[in-house]
Amino acid sequence: MTTVPSVLAQACEWAVVDRARVDRAASRDHWSDEQLDEAIERHNAVFCRAIAEPAACLKDLAAKARLALDDFNRFVEHEGRSPLDDGEKLMKVVLQEVIALCA
């Protein structure tokens, strides 16, 4: 496996950063539903790509894990489903370990 990040890894990293940017901008600038939908569609395209394309190197795998962990933190951990069950805790730990080991 190569250690050079692919376009897939770059897309995953972009999605993590852009989702945080969209959160801030949408709140601050009172985005319309259409603006939010457009951003969500761009992010969803990256998710579909990350699901469909296998990792070609460890950096790709780490980028996919960061995207999955970001989604987990947004929609599982922060939706009032606390405490996490053991399966959710394990998933979070495994994603964190993949990111650390692939660094």
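The values are calculated or read from the model by the stated rules, or taken from the named source; none is laboratory data. Small disclaimer: the values here were computed from a predicted structure and weren't measured. Every residue, glycine among them, receives a Cβ derived from its backbone with ideal geometry; neighbour counts consider all protein chains shown.
Miscellaneous remarks
- Close pairs (8 angstrom Cβ cut-off, 6 or more residues apart or separate chains): more than 17 Å from R74 (Cβ to Cβ) and among the basic types (K, R) in region 37-52, modelled with pLDDT of 95 or more and surrounded by 16 or more Cβ atoms within 10 Å (Cβ to Cβ) anywhere: R49/L8; R49/A11
- Just one of (1) in a helix (DSSP H, G or I); (2) under 15 Å from the mean Cα position of the chain (by Cα) fails for K89. It is (2).
- Boolean, R19 is part of a helix (DSSP H, G or I), under 14 Å from the mean Cα position of the chain (by Cα), closer than 29 Å to S6 by Cβ and modelled with pLDDT of 95 or more: yes
- Test for K59: is it charged (D, E, K, R), buried (at least 17 other Cβ atoms within 10 Å of the Cβ) and either closer than 11 Å to A11 by Cα or touching a residue at least 60 places away in the same chain (Cβ under 8 Å) (or both): no
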